[in-house]
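The values are calculated or read from the model by the stated rules, or taken from the named source; none is laboratory data. Here the structure is a predicted model, which is why all the values come from computation and not from measurement. Counting neighbours? That spans all protein chains shown, and the Cβs are built from the backbone with ideal geometry, glycine included.
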Amino acid sequence: MNKALIIVDMSNDFVHEDGGLTAGKPAQELVPYIIDLADSFLANDDVVAVAMDAHQENDDHFKLWPVHNVIGTWGQQLYGGLKEWYVANEHKDNVLYIPKINYNAFFKTDLAEELMARGIQEVHVVGVVTEICDFATIAGADAHGFRTVLHKRGVATFTHNVPALAGMLKDGYVPADLLIELMRMSFHTAVIE
């Protein structure tokens, strides 16, 4: 084991069409790719970590964003086939579930320690959303000394589904593709198309 796959925020609230802060269909279409990738990591005795937003009902985070991923709710549960995949594999030592309170899956979690204890040197990231939690998690992995890999076919954004963000597009908001290039430049992230 020297690689880990981090599946970021693939919850009902971020993926299901009725989710509180959904990326919708683009995120739903990632599920088969992510499951196949997770299976290949497990087949190679590598680590798969599910990093999931975990908010309290009265979280200050909701001053900025619509309510999402409240602990213990349907919205925080893994979406669709990913939930089934996790239930079938959660008993394995190389499958981790990491609740997170920040965009960065490494911030105030034991993710770095868990990965280092297993000799992980390279972190692969998939999930949502590209320009927020995926970007921050890549930055966090880099800060902890891990090589980073982003799977472009395994990430999606909700920019066009959030009215406040869609309006930003007109005001110079940075598109996800540009941030992927910044990951390459800033964190030496390998990008798998």
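The condition of being closer than 27 Å to Glu193 by Cβ and not β-branched (Val, Ile, Thr) holds for only one of Gly80, Gly75, that being Gly80.
Of the residues making up segment 143-174, those that are at pLDDT 90 or above, loosely packed, with under 15 Cβ neighbours inside 10 Å and not in a loop (DSSP other than H, G, I, E, B) are Ala143, Lys152, Arg153. Among the residues of segment 118-140, the one identified as assigned to a strand (DSSP E or B) and either in contact with a Cys (Cβ under 7 Å, 6 or more places away or on another chain) or at positive phi (or both) is Gly127. Candidates Glu122, Glu113, Glu131: the one that is farther than 23 Å from Asn12 by Cα, out of contact with any strand residue (DSSP E or B) (no Cβ under 8 Å at 6 or more places or on another chain) and of a type in the set (D, E, K, R) is Glu113. Total residues in segment 55-78 satisfying the condition of being surrounded by 13 or more Cβ atoms within 10 Å (Cβ to Cβ) and touching a strand residue (DSSP E or B) at 6+ places or on another chain (Cβ under 6 Å): the figure is 5.
Among what's in segment 29-52 and is within 12 Å of Val125 (Cβ to Cβ) and small (Gly, Ala, Ser), pick the residue that is nearest to the chain's Cα centre (by Cα). Checked segment 29-52; the qualifying residue nearest to the chain's Cα centre (by Cα) is Ala51.
Is there any pair with a first residue in segment 25-47 that is more than 13 Å from Tyr79 (Cβ to Cβ) and touching a residue at least 40 places away in the same chain (Cβ under 8 Å) and a second that is buried (at least 17 other Cβ atoms within 10 Å of the Cβ) and small (Gly, Ala, Ser) whose Cβ atoms are under 6 Å apart and which are 6 or more apart or on different chains, and what are they? Taking only residues 6 or more apart or on different chains, the pairs are Tyr33/Gly154; Val47/Ala4.
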